[in-house]
Ligand SMILES: CC(C)(COP(=O)(O)OP(=O)(O)OC[C@H]1O[C@@H](n2cnc3c(N)ncnc32)[C@H](O)[C@@H]1OP(=O)(O)O)[C@@H](O)C(=O)NCCC(=O)NCCS
């Protein structure tokens, strides 16, 4: 099974992170990483993380090619909300997106302040909705014209 390591964005991996690109047909579905990092700079609740292939585990910072994607979440009012997830086009469909979410969900479930884990997906983005449903997300109560809101089928008392 694919494994990943989530690391902070630092001066060392910043450039590699903002160079990551999704495929041409996906550009409208996720903001550029540089935009997300700018948002995180002005909103300290946002947590941006770089997604590395699991083979970097336990080593010093390694070359750029091990950096495969980017995610961002925020914790507010008891909600852990996944605001961004992208895997570089050349690294997609190799299990990295799923592995990154498994690791992020593991982390979020351990935060005592979180009662609810959610995300949203643009309505045309069927395969991403399926991707999240495959991880245990179900419809959330919130309804929106453009976005499908999803919540993890989980309660804080569950393991
Ligand atoms: C969504 C995204 C993160 C998935 O990452 P990934 O590493 O390619 O996904 P994985 O390889 O872990 O695949 C997980 C599942 O999704 C499916 N999947 C992934 N990409 C797919 C695609 N383009 N079309 C159809 N299914 C796809 C896989 O087949 C797999 O299904 P399975 O669990 O039934 O085998 C990636 O496609 C991406 O970066 N998309 C553009 C940005 C975006 O839309 N982000 C979400 C909104 S913020």
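Bear in mind that the values in this text are calculations on the coordinates, not laboratory data. Computed from a predicted structure; not experimentally measured. A quick note on method: Cβ atoms are made from the backbone with ideal geometry, for glycine too, and the neighbour counts reach across all protein chains shown.
Residues in the stretch 81-96 that are buried (at least 17 other Cβ atoms within 10 Å of the Cβ) and near the ligand (Cβ under 6 Å from one of its atoms): 84, 85, 86, 87, 96. Residues in the stretch 1-23 that are touching a residue at least 60 places away in the same chain (Cβ under 8 Å), surrounded by fewer than 16 Cβ atoms within 10 Å (Cβ to Cβ) and more than 23 Å from residue 106 (Cα to Cα): 21, 23. Per the conditions (1) at positive phi; (2) surrounded by 19 or more Cβ atoms within 10 Å (Cβ to Cβ), the sole criterion not satisfied by residue 78 is (2). Scanning the stretch 104-123 for residues that are more than 12 Å from the ligand (Cβ to nearest atom) and assigned to a helix (DSSP H, G or I) yields 105, 106, 107, 108, 109. Scanning the stretch 124-134 for residues that are within 9 Å of the ligand (Cβ to nearest atom) and surrounded by fewer than 17 Cβ atoms within 10 Å (Cβ to Cβ) yields a total of 5.
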